[in-house]
1. Condition first: small (Gly, Ala, Ser), surrounded by 21 or more Cβ atoms within 10 Å (Cβ to Cβ) and over 18 Å from the mean Cα position of the chain (by Cα). Can you find one or more residues in the range 187-205 that meet it?
2. In the range 383-406, which residue that is without any contact (Cβ under 8 Å) to a residue 40 or more places away in the chain and touching an Asp or Glu at 6+ places or on another chain (Cβ under 9 Å) is surrounded by the fewest Cβ atoms within 10 Å (Cβ to Cβ)?
3. Identify, please: which residue in the range 346-378 is among the charged types (D, E, K, R) and touching a helix residue (DSSP H, G or I) at 6+ places or on another chain (Cβ under 7 Å) and is, among those, surrounded by the fewest Cβ atoms within 10 Å (Cβ to Cβ)?
4. Kindly indicate the residue of the range 109-128 that is closer than 22 Å to ALA87 by Cβ and surrounded by fewer than 17 Cβ atoms within 10 Å (Cβ to Cβ) and also modelled with the highest pLDDT among those meeting that condition.
5. Does ALA177 fit the bill of being surrounded by fewer than 22 Cβ atoms within 10 Å (Cβ to Cβ) and more than 29 Å from THR377 (Cα to Cα)?
6. For the range 290-305, how many residues are out of contact with any Leu (no Cβ under 9 Å at 6 or more places or on another chain) and more than 19 Å from ALA234 (Cα to Cα)?
7. Which number in (1) free of Cβ contacts under 8 Å to residues at least 24 places away in the same chain; (2) more than 20 Å from PHE241 (Cβ to Cβ); (3) not polar (S, T, N, Q) marks the one condition that ALA349 misses?
8. Show me the helices (runs of 4 or more DSSP H) entirely contained within the range 329-417 in which 3 or more residues are farther than 25 Å from LEU269 by Cβ.
Amino acid sequence: EAGRPRRAGVSSFGVSGTNAHVVLEHVPDTEPAPAGPGTEPGPAGAGTPVGPGALAWVLSAKDETSLRAQAQRLAAHVTEHPALGAADIARSLAVSRASMELRAAVVGADHEELLAGLQAIATGRQAAGAVRGEAEPGGPADGSGTAFLFSGQGSQRPGMGRELHAAYPVFAQAFDAACAALDPHLELPLREVVFGEDTELLNRTGYTQAALFAVEVALFRLVESWGVRPDFLAGHSVGEFAAAHAAGVLSLTDAAKLVAARGRLMQALPSAGVMVAVQAAEAEVRELLAGLEDRAGIAAVNGPASVVVSGSEDAVSTVVDRLTAAGRRTRPLTVSHAFHSPLMDPMLAAFRKTVEEAVFETPKLPVVSTLTGRLVTAEEFCSADHWVRHVRETVRFADAVTTLAAEGARTFLEIGP
């Protein structure tokens, strides 16, 4: 009213002698956005943008009566203040409220759908986009832990993360920071490669591995900003670098340097070799590889009867032909090199030198390594040997998932494209 911003001072004097003071300034008033694409005109939305896609408004209470009352109060508040942004409400409900036993969530693409869901919760009715449930107690100790699984190579696609980058500042900031850390080690700006349309360029492993790392780090930060926290981490092949960064083992700078070097050194190898997914148990494939170990190996064990064979074309074909004759399914993979095979050996010494320059810290979260399929110790995870073997040896993804389940993980969230 006086033409000046309102300010207030708040002091806190602790019994033990602690003194704190903070100066607050009021949030500037904002004008409701005009109606247009992505807005909901009329009383329910009053032209307020709700952003792309659907949003979830989450509620929790100690009992059904309180839950219904909370939904009714929120519906009334949103109706009385139509300029409130749906995304701002979603964030506040997700990260600034205590989580209690009884839960509910309403999902909608605009204010009208979200308000309809709130009314359904408030009146106890069933409705599309409105769900109820009860929280499961505990964490890993009683078998309800959460594991984040970072994807490996092969999951990439042009434009991955583009819409998330436009919609969520947290994702955009983390992705841009990762690109800034990776770009000095790449020939082209990574953002242009990822958001472009050149599939062949993105599929060059020198860019693929960097792109997956950047997208996965940004996805982790986005999910983290929503209040979702993992009890365990794991990563499939190159995904373990994102897991290591998320666990605090590698700084963004060091992780980016290692990922870029790994991809660059692999890309520089001769483009000979093949990879084939086969329907067979690990032990069976190892028997078929007898005498061929210098030219081929098992690249990944993804399940009890899901194995990837990698190496020179003639050696892999010998194994695949025998399995095909036995009626097993086989599928060639579209790859530039025979990863996790003897054909990687020429790059290992150079990669070791790069790894030895990195600074490693103790993991802040438990990590199950797909190199061993078990919980990795700080000493192992912070050694050059681990990351060099990680290039060459089998990805033991099935063992890693089994270990996670045995440790108490029940919910598995894939962090990847």
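1. Within the range 187-205, the subset small (Gly, Ala, Ser) is 196.
In the following step, the residues that additionally are surrounded by 21 or more Cβ atoms within 10 Å (Cβ to Cβ) were identified as none.
No, the range 187-205 contains no residue that is small (Gly, Ala, Ser), surrounded by 21 or more Cβ atoms within 10 Å (Cβ to Cβ) and over 18 Å from the mean Cα position of the chain (by Cα).
2. ALA384
3. GLU356
4. Among them, the one singled out is GLN119.
5. For ALA177, the condition - surrounded by fewer than 22 Cβ atoms within 10 Å (Cβ to Cβ) and more than 29 Å from THR377 (Cα to Cα) - is not met.
6. Of the residues in that region, 6 qualify.
7. (2)
8. Counting at least 3 such residues, we get 378-381, 397-406.
The values are calculated or read from the model by the stated rules, or taken from the named source; none is laboratory data. All of these numbers come straight from a predicted model, not from anything done at the bench. Note: ideal-geometry Cβ built from the backbone for every residue, glycine included; neighbour counts use all protein chains shown.
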